[in-house]
Amino acid sequence: MLKNLKDFRGGRAVFIDATIFLHHAFDTNPVSVEFLSRIETSNIKAYTSALALEEVSYKIMMQSASNFIERVTVRHVKKFLENRKHRAKVLSPLVEYMDYIDKLREAGMVVIDLKGSDIKDAARLAKDNGLITADAAHLAVMLRKSIHDIATEDSDFATVPDITAWSPSAIK
């Protein structure tokens, strides 16, 4: 089921997908930005996973690197990061954003660790639901923690039985 994130009022636990954090980090979707602001100030039971935060970290790092190098590939970024001064320039936005994540944690957001059993379950969930493996791992974590709501831009979650996907782009 797909619903508009503007309409999420809490009451039930919600898993925050990487897409919502990225909208906030790059200021690309005001609904996502407002939703995370509500996490800071309300009693919303918010969860994410270490894997989702790794996805966010990687994308912020690569986006930041694109400001300094012409061709952004993993190999080129690794080479660029060998230089301490370059490293500081590229990774400063990431460090700043992780400080914001800490602020959300202080407001009550819980970061769930990924377990080996989640990866095994993710393979089955990917096959059963047509999800990519990272999304299936998020689903495995959600199911392990009995979370049935997800804030995400990824409409693939809307087809998963017993899961409500709250999208910042859902049309009323």
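Here, each number is a calculation from the coordinates, and none is a lab measurement. Keep in mind the model is a prediction, meaning the values are calculated, not measured. Quick reminder, even Gly has a Cβ in these numbers, built from the backbone with ideal geometry, and neighbours come from all protein chains shown.
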Checklist entry - Counting pairs of alpha carbon atoms under 8 Å apart in space and at least six apart in sequence, what relative contact order in percent does segment 2-167 give? => result 32 percent
Checklist outcome for this item: Applying the gyration tensor rule to the Cα atoms of segment 48-97 (axes a ≥ b ≥ c; rounded if a/c under 1.5, else prolate if a/b exceeds b/c, else oblate), the class is prolate
Checklist outcome for this item: Per GNM of the chain with C-alpha springs under 10 angstrom, the most fluctuating residue out of Tyr47, Tyr97, Tyr58 is Tyr58
Checklist entry - Which residue fluctuates the most in the chain, going by a Gaussian network model with Cα springs under 10 Å, if the choices are Glu82, Glu55, Glu106? => result Glu82
Checklist entry - Of the cross-linked pairs Lys59/Lys85; Lys59/Lys145; Lys45/Lys127; Lys59/Lys89; Lys115/Lys145; Lys3/Lys45, which ones have a Cα-Cα span greater than 22 Å in the structure shown? => result Lys59/Lys145; Lys45/Lys127
Checklist entry - Any idea what the dipole of segment 2-167 comes to, in debye rounded to 20, about its Cα centre with Lys/Arg Cβ at +1 and Asp/Glu Cβ at -1? => result 500 debye
Item to check | Val110-Val74 FRET efficiency (beta carbon distance; Förster radius 22 Å; 0.05 resolution) | outcome: 0.15
Checklist entry - Of the listed peptides 68-80, 157-169, 14-26, 107-119, what is their order by residue-averaged count of other C-beta atoms within 10 Å, with the highest listed first? => result 14-26, 157-169, 107-119, 68-80
Checklist entry - Which shape class, rounded, prolate or oblate, goes with segment 101-172 when its Cα gyration tensor gives a ≥ b ≥ c as root eigenvalues, a/c under 1.5 marks rounded, and past that a/b bigger than b/c marks prolate? => result oblate
Checklist entry - Is the shape of the chain rounded, prolate or oblate, going by the alpha carbon gyration tensor and its root eigenvalues a ≥ b ≥ c, with a/c under 1.5 for rounded and a/b larger than b/c for prolate? => result prolate
Checklist entry - How big is the gap, in Å, between the Cα center of segment 101-123 and the Cα center of segment 138-172? => result 15 Å
